[in-house]
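Rule-based calculations on the coordinates, nothing more; no lab input. The model shown is predicted, which means the values in this text are computed figures rather than measured ones. In this analysis, Cβ positions are derived from the backbone assuming ideal geometry, glycine residues included, and neighbour counts consider all displayed protein chains.
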Amino acid sequence: MKKIFVAALIVSAACASGPRPREFDLTPDGFRTEGADWSLDPVESNKLMPDGWERVPGTYEDATVVGVRFKRIHLDGDAWLFAWKLHGDDQRKNLKALSERGLTEFRLGSGQLLFGTVEPAKAVLVDGAEAQEGLYEMRRRDDYTPITRVYAAFAKSLGNDTFAQVFYASPPGQFDEGLEAARSLMRRLHFSVPAHEAPAAASRGAQR
Amino acid sequence: MLRLGACLCLLASACATRALVHGQGAYRPDDAAYRIAQLPDGALMPRSWRLANYESRDGVLRLKDRRDESDIEFTRDGDDGTLSVFTRDLGRSERKLELRDLVNRTIADLSSPLWDGRHFYRGSRFQEVRTALKEPVPGCEAIDVVVDAHPTGIATFTSRLYVLWMRPKDRETMTLVMYESPIQTFAPAVEDVIGLVERLSCP
């Protein structure tokens, strides 16, 4: 029941500011959806996620959105990757504002559970994007022990036209084992870089 | 023909949407009891803010939507902060109240559920971040406060607000200046809002 609640919460947070998601497939450039200006590097054996994870089939309907959900096979925990095109005023919003939208949906969806920060958001290197990641938890108001721990990462392309977010939620006692795979989901992303940004982005890529 | 022209003229003036008047170094919504001095570059707010509810028509800033009851609304380019200025007439009994009582009444109203005929608002809960202070707005009495807010039934704070209540000496109206933002993006913009408050006056 708790897992269903967290899953529903994450989907609602992810979909709050975007249309419904679409399928994407493995290409020579990595996993990519047709017409998208971003891709995801595969892990070994051309898989989306390492061993211990499996993809959950979903419904993908929109031409500009990708939404993929994974679950852990032997442990509890789910990860989601959502990415979509930014339009209009949203293209001018900075990463902090866009990430706050996702986190605010979490706060609203958490209801009577307190949604708190474990590790404040910090910048991470993602090719062709400005990105950040942080750790959060949900707990009852009168209980110090968290019920669920959450990893949330957000990336806005340097071209200001694509936004991606990765969520990973798991019971705290099993969280750490899945964290690196969830982090890699964000770090394996590549965004196309506008021509005037190319040299800077190239140097960022070299640091990876 | 002259009568038709006069009628059209009357109709036009009756239907004209409210203007944000810019002159003599300040901005003032039509009939407002306050004015806001312009910035050195002639603007009302710094460039990271966008005037949301007015558009320029024949060189005059007019409300985009004639049903809009707010005085001024700004949005932020880089984040989701919004700045709104509202004015409402005070009833006879309200004019006798101290401003701090009106402040408490407003907070109580915002805390209560409300059905406006189209939407249901479940009300919000507030926690003071910076205590209420009297602000020196020339010609007006004013109080401001910074609070964190969350909707009723939600445990975690979701937004931070700077609110200023302002009442001219005739006590007939009350104006609210309200800046609301997600907590993480509140700080970068609040100085601009305080800058606007410092440029307020009630002539």
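Kindly express, to the nearest 10 degrees and within the range 0 to 90, the angle between helix B:2-15's C-alpha long axis and the longest C-alpha principal axis of chain B. Helix B:2-15 sits roughly 10 degrees off the main axis of chain B. In the elastic network of chain B, a GNM with C-alpha springs shorter than 10 Å, the most mobile of B:P188, B:P46, B:P168 is B:P188. Entry note, chain B: the mean residue ellipticity at 222 nm calculated from DSSP H runs of n ≥ 4, each adding -39500 (n - 2.57), is -6500 deg cm²/dmol after division by the residues and rounding to the nearest 500.
Around the amide H of B:G81, modelled in the peptide plane, lie the amide H atoms of B:R76, all under 5 Å away and 5 or more residues distant in sequence or on another chain.
Ranked by Cβ crowding within 10 angstrom, fewest neighbours first, how are B:R92, B:R167, A:R55 ordered?
Numbers: B:R92 7, B:R167 24, A:R55 12.
Ordered from fewest to most neighbouring Cβ atoms within 10 Å, B:R92, B:R167, A:R55 come out as B:R92, A:R55, B:R167.
The equivalent ellipsoid of the protein assembly as shown has semi-axes of 46, 27, 19 Å, largest first, where each one is the square root of 5 times an eigenvalue of the Cα gyration tensor. Compared with the dominant Cα axis of chain B, that is its longest principal axis, helix B:187-198 is turned about 50°.
Compute, for the protein assembly as shown, the length of the dipole vector about the Cα centre, with Cβ point charges of +1 (Lys, Arg) and -1 (Asp, Glu) only. Units Debye, rounded to 20.
Dipole size: approximately 820 debye.
Given the Cα atoms of region B:114-180, and with Rh set as the inverse mean 1/r over their pairs in the Kirkwood sense, what is Rg to Rh to two decimals? Rounded to two decimals, Rg/Rh equals 1.07.
Against the main long axis of the alpha-carbon atoms of chain B, helix B:99-111 sits at an angle near 80°. Candidate cross-link partners of B:K169 among the lysines, defined by an alpha-carbon separation under 27 Å and a same-chain spacing of 8 or more, comprise B:K96, B:K134. Computed over chain B, relative contact order equals 19 percent, with contacts defined as Cα pairs under 8 Å that lie 6+ residues apart.
Size estimate for chain B follows the Kirkwood approach: the inverse of mean 1/r over distinct Cα pairs works out to 18.5 Å. Taking 29 Å as the straight-line reach from the Cα of A:K71, the lysines in range (excluding those fewer than 8 positions away in the same chain) are A:K2, A:K3, A:K47, A:K85, A:K96, A:K122, A:K156.
DSSP beta bridges confined to region B:11-125 are antiparallel in about 100 percent of cases.
Computed about the Cα centre, the dipole magnitude for region B:4-201 is approximately 360 debye when only Lys and Arg (+1) and Asp and Glu (-1) carry charge, each at its Cβ.
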